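Structure first, then comments.
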Amino acid sequence: MELIDKIPDEPAKPGEFILPELMAIQIAHQVRNDDIVFAGTGLPMVGIMTANFINAPNALLIYESGICDGKTMHVPMSVCDQRAANMSSTLGGLVDTFGYYLQNGYVTLGFLGGAAIDKYGGVNVTSIGDYYSPAHRFTGSGGNSDIGTMAHRTAFIILQEKRRFIERNDYTTTPGWWCWDFKTNEWKPKKEVWKGTAYANSGPVAVVTNMGNYAFDEKGEIYLKSFHPGVTIEQIKENCGFNLNVSRVEGETKKPTYKELFVLREFVDPELIFLPQKVEYPAHIQKIING
Amino acid sequence: MPRLRTQTKKAQIMSLEEACKAFMHDGAMVAWSGFTGFNRNPFAFAWQTVRQGVKNLHVIDRHGSCCTWLLNAAGAMKIYETDWMGWGEMAGKLDVNLERRYKKGEMILEDYSHGAMAMRFLAGAIGAPFIPYNAPLGSDLYNPKYDALGRAGMRDGKNPKIPKKKFIQFEEPFWGEGETILLPAARPELAVIHVAQAGDKGTARWRGVGTIDKEIAYAADKVVILAEEIVPESEMRKVPEANQIPYFVVDAIVECPWGAFPSSVPFYYDYDAPFMRGMDAASRNPEDMKKWLDEWVYGPKNWEEFIVKLGAKRLLDLKADSVTGYSTRMMRGKKPAPRMKMPLSVAMSGY
């Protein structure tokens with residue numbers, strides 16, 4: 001711990017970190033210290049664990065299999081890994097997490113993955129093409145649709161490609177700010193479809209991809225907030241299936257700091273389960289680590 | 001409807017073969033314990049099911065697991081009513097045989113979400129016919145067009161285990177809280193649950209996450225408990241609050257050490273990530289698949305022989321330590337696990 005305090009907070013230079021590390025840190029930045037976070041397997045889990053180690057030590061982490069506030073020593077491979085349950089407050093089951101915590105309104109942030117996303121933050125993790133004879137069939141909702149609609153704020157991590165960033169999903173697993181009203185068969189703002197429910201104003205606030213960070217405007221439409229180092233706005237527009245709003249872009253995504261990278265590499269995923277490789281630290285950081 | 005009973009069940013201690021023969025049959029509607037391929041999958045029971053040649057199963061569950069992977073590998077599953085169809089180590093990815101069989105039209109997939117399945121089992125467990133849930137309005141999960149069992153003509157009421165509707169959307173009538181979804185109870189015929197310990201009368205206990213195992217036990221007609229160890233019932237009663245399933249809901253108890261391999265039983269053994277990677281690799285081509293099944297499913301004479309075949313080294317690596325409930329000796333990623341120390345987040349949060 002003393003060592004962490006010695007690692008400088010200065011941003012790393014290009015080549016000193018890899019894209020998955022940058023993405024995990026971007027996820028961590030979404031977490032507030034007073035959040036109750038419900039996260040899915042993979043980078044979301046790694047990201048919020050990192051947040052718990054740096055910027056949001058008091059954020060409470062929920063994993064869907066029944067884990068309330070796990071304090072991990074070793075990175076879990078899944079949300080039901082005993083590693084995730086280490087030193088948790090209570091251990092229950094899905095009725096606890098989806099009923100007592102989620103439906104009852106305790107969860108402030110949901111962090112999830114997705115296979116495709118529409119312009120309004122609606123996510124597809126079910127199938128591409130016709131539902132009954134799909135070109136691609138994915139795993140299906142899991143907790144995605146529940147967490148993605150009942151957590152107060154939700155955020156997604158998605159691989160950015162033209163076929164994954166689209167005007168309208170083939171199948172909407174988790175509705176965004178616009179969705180179908182199946183009673184009238186109309187495509188409507190979520191606020192109207194969900195009118196009267198406690199969740200009408202809950203929904204996606206951020207998307208992290210391999211190319212940039214995104215947010216949603218007053219109309220519930222996605223816009224580019226920042227582009228990752230080495231990526232141009234042109235490239236981002238080429239990898240988007242609709243006319244993306246880039247007028248609000250604030251600039252380049254903040255590079256991860258040495259301290260953030262140190263925590264992520266040495267404390268969150270030293271076994272390299274989700275991170276593909278470990279990059280060497282620059283000499284002046286290595287010197288601090290070696291003491 | 002609730003199954004009114006005139007006498008209590010009496011749990012029988014059986015062998016794996018006997019229990020499978022007694023409770024598993026073609027077309028049975030089954031739920032399997034644990035969560036994804038990682039936690040308390042009753043894999044030995046699924047293994048025995050496949051060896052007995054059982055077909056056309058209707059699996060109603062919360063997840064894909066090592067059990068459903070094996071059932072798909074052997075083509076034993078017909079209907080899959082669940083919410084997450086990935087499995088274990090390959091988390092996020094679909095089981096290859098499932099995708100292949102689904103695309104060939106050999107299977108029916110009915111999609112729900114985790115929350116929805118948890119609520120359906122909760123309704124089943126408390127004897128309620130249905131349950132309201134603030135399921136995601138506007139999600140295609142609740143698109144009337146996407147009702148796979150209805151489309152297959154199976155919601156005609158002839159099968160008492162399949163509800164006549166997938167869901168009903170209606171206006172919340174008591175508080176004026178907008179539209180909500182009613183979900184039918186889940187009422188499987190059989191729940192197969194792997195636990196750490198069972199008393200010799202059937203009281204069962206696990207450590208670690210509960211997922212929805214208590215709910216499936218109460219929702220199902222018949223309950224088979226597989227346990228790492230059977231202990232005297234009196235032992236189970238020394239710390240009763242640590243038990244989850246009382247003996248009166250249990251029909252059969254099977255002592256089956258390492259029966260959840262390659263998934264984990266917290267405080268007994270860890271999941272075997274490399275073994276699951278091998279399963280996934282084998283499923284990617286039919287010849288390798290057949291070889292794998294011959295070697296690991298049809299080859300061993302019994303479950304004990306399966307475990308012996310794994311070798312002492314592997315079992316030592318997987319053995320859980322008594323502090324954390326998992327093992328740090330297994331190579332899961334590209335680097336070995338660091339030694340145990342106090343989690344940094346505990347120090348940071350001041351607990």
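Could you pull out the residue among A:GLY105, A:GLY121, A:GLY113 that is open to solvent by 10 Å² or more (accessible area, probe 1.4 Å), on the phi > 0 side of the Ramachandran plot and not aliphatic (A, V, I, L, M)? Show your work before the answer.
Working: A:GLY121 fails: open to solvent by 10 Å² or more (accessible area, probe 1.4 Å); A:GLY113 fails: on the phi > 0 side of the Ramachandran plot.
After applying the criteria, what remains is A:GLY105.
Of the residues A:LYS183, A:LYS162, A:LYS188, A:LYS195, which single one is over 18 Å from A:ASN124 (Cβ atoms) and either in contact with a Cys (Cβ under 9 Å, 6 or more places away or on another chain) or in a strand (DSSP E or B) (or both)? Working first, answer last.
On the way: A:LYS183 fails: either in contact with a Cys (Cβ under 9 Å, 6 or more places away or on another chain) or in a strand (DSSP E or B) (or both); A:LYS162 fails: over 18 Å from A:ASN124 (Cβ atoms); A:LYS195 fails: either in contact with a Cys (Cβ under 9 Å, 6 or more places away or on another chain) or in a strand (DSSP E or B) (or both).
Going through A:LYS183, A:LYS162, A:LYS188, A:LYS195 in turn, the sole match is A:LYS188.
Can you give me the number of residues within the stretch A:176-229 that are surrounded by fewer than 21 Cβ atoms within 10 Å (Cβ to Cβ), among the hydroxyl-bearing types (Ser, Thr, Tyr) and over 24 Å from A:LEU102 (Cβ atoms)?
Selection size over the stretch A:176-229: 3.
Just one of B:LEU137, B:LEU141 is under 17 Å from A:VAL123 (Cα atoms), within 12 Å of chain A (Cβ to nearest Cβ) and not in a helix (DSSP H, G or I); which is it? Let's see the steps before the verdict.
Values: B:LEU141 fails: not in a helix (DSSP H, G or I).
The conditions single out B:LEU137.
Out of the stretch B:55-84, which residues are within 11 Å of chain A (Cβ to nearest Cβ), aromatic (Phe, Trp, Tyr) and not in a loop (DSSP other than H, G, I, E, B)?
B:TYR80
Residue-by-condition table, conditions (1) basic (Lys, Arg); (2) in contact with an Asp or Glu (Cβ under 6 Å, 6 or more places away or on another chain):
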| site | (1), (2) |
| --- | --- |
| B:GLU99 | no, no |
| B:ASP111 | no, no |
| B:PHE121 | no, yes |
| B:ALA125 | no, yes |
| B:PRO132 | no, no |
| B:GLY138 | no, no |
| B:LYS158 | yes, no |
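Specify the residue that is farthest from B:GLY278 (Cα to Cα); the eligible residues are those in the stretch B:288-331 that are modelled with pLDDT under 95 and among the β-branched types (Val, Ile, Thr).
B:VAL323
Which residues, counting only those in the stretch A:173-188, are within 18 Å of the chain's Cα centre (by Cα) and either facing chain B (nearest Cβ under 7 Å) or closer than 18 Å to B:TRP84 by Cα (or both)? Before you say what the answer is, go through the steps one by one.
So in the stretch A:173-188, the residues within 18 Å of the chain's Cα centre (by Cα) come out as A:173-177.
Scanning the stretch A:173-188 gives A:THR173, A:THR174, A:PRO175.
Considering only the stretch A:54-69, how many residues are closer than 22 Å to B:SER33 by Cα and open to solvent by less than 10 Å² (accessible area, probe 1.4 Å)? It would help to see each step written out before you state the result.
Step one: list which residues in the stretch A:54-69 are closer than 22 Å to B:SER33 by Cα, which gives A:62-68.
Checking the rest, the ones that are also open to solvent by less than 10 Å² (accessible area, probe 1.4 Å) come to A:62-63, A:65-67.
Total satisfying the criteria: 5.
Given the criterion within 12 Å of another protein chain (Cβ to nearest Cβ) and either over 24 Å from B:PRO2 (Cα atoms) or crowded, with 24+ Cβ neighbours inside 10 Å (or both), identify the matching residue among B:VAL209, B:VAL192. Working first, answer last.
On the way: B:VAL192 fails: within 12 Å of another protein chain (Cβ to nearest Cβ).
After applying the criteria, what remains is B:VAL209.
Looking for whichever is under 15 Å from the mean Cα position of the chain (by Cα) and either within 23 Å of A:ASN144 (Cβ to Cβ) or open to solvent by 10 Å² or more (accessible area, probe 1.4 Å) (or both) here; the options are A:GLN82, A:GLN30. Which one fits?
Working: A:GLN82 fails: under 15 Å from the mean Cα position of the chain (by Cα).
From the options A:GLN82, A:GLN30, the qualifying one is A:GLN30.
Can you give me the number of residues within the stretch A:93-128 that are more than 18 Å from A:THR41 (Cα to Cα) and free of Cβ contacts under 8 Å to residues at least 40 places away in the same chain?
5
Can you pull out the helices (runs of 4 or more DSSP H) entirely within the stretch B:231-336 that have at least 1 residues that are crowded, with 21+ Cβ neighbours inside 10 Å and aromatic (Phe, Trp, Tyr)?
Details: elements: B:233-236, B:273-282, B:286-292, B:303-310, B:312-318.
Output list reads B:303-310.
Name the one entry in A:LYS237, A:LYS219, A:LYS188, A:LYS183 that is within 22 Å of A:GLY113 (Cα to Cα), among the basic types (Lys, Arg) and either modelled with pLDDT under 95 or out of contact with any His (no Cβ under 8 Å at 6 or more places or on another chain) (or both). It would help to see each step written out before you state the result.
On the way: A:LYS219 fails: within 22 Å of A:GLY113 (Cα to Cα); A:LYS188 fails: within 22 Å of A:GLY113 (Cα to Cα); A:LYS183 fails: within 22 Å of A:GLY113 (Cα to Cα).
Selected residue: A:LYS237, the only one of A:LYS237, A:LYS219, A:LYS188, A:LYS183 that is within 22 Å of A:GLY113 (Cα to Cα), among the basic types (Lys, Arg) and either modelled with pLDDT under 95 or out of contact with any His (no Cβ under 8 Å at 6 or more places or on another chain) (or both).
Being under 21 Å from B:PRO188 (Cα atoms), surrounded by 24 or more Cβ atoms within 10 Å (Cβ to Cβ), modelled with pLDDT under 95 and in contact with a Phe, Trp or Tyr (Cβ under 8 Å, 6 or more places away or on another chain) narrows it down to one of B:ASP111, B:ASP95, B:ASP83, so name that one. Please lay out each step first, then the result.
Numbers: B:ASP111 fails: modelled with pLDDT under 95; B:ASP95 fails: under 21 Å from B:PRO188 (Cα atoms).
From the options B:ASP111, B:ASP95, B:ASP83, the qualifying one is B:ASP83.
Mind listing whichever residues of the stretch A:251-274 are open to solvent by 20 Å² or more (accessible area, probe 1.4 Å), part of a loop (DSSP other than H, G, I, E, B) and more than 13 Å from A:ILE48 (Cβ to Cβ)?
Across the stretch A:251-274, the qualifying residues are A:LYS254, A:LYS255, A:PRO270, A:ILE273.
Working only within the stretch A:150-167, note down all residues that are within 14 Å of another protein chain (Cβ to nearest Cβ), within 10 Å of A:ALA116 (Cβ to Cβ) and either over 15 Å from the mean Cα position of the chain (by Cα) or open to solvent by less than 10 Å² (accessible area, probe 1.4 Å) (or both).
The answer is A:ILE158, and nothing else.
Can you find even one residue in the stretch A:231-246 that is of a type in the set (Gly, Ala, Ser) and surrounded by fewer than 16 Cβ atoms within 10 Å (Cβ to Cβ)? Spell out the reasoning first.
Kept after step one, since they are of a type in the set (Gly, Ala, Ser), are these residues of the stretch A:231-246: A:241.
Then keep just the ones that are surrounded by fewer than 16 Cβ atoms within 10 Å (Cβ to Cβ); that gives none.
No, the stretch A:231-246 contains no residue that is of a type in the set (Gly, Ala, Ser) and surrounded by fewer than 16 Cβ atoms within 10 Å (Cβ to Cβ).
The values are calculated or read from the model by the stated rules, or taken from the named source; none is laboratory data. Please read all numbers here as calculations on a predicted model, not as lab measurements. Backbone-built Cβ (ideal geometry, glycine too); neighbour counts: all protein chains shown. Just so you know, the surface numbers come from the protein's heavy atoms only, side chains and all, with ligands and any DNA or RNA stripped out. Shrake-Rupley method; radii C 1.70, N 1.55, O 1.52, S 1.80 Å.
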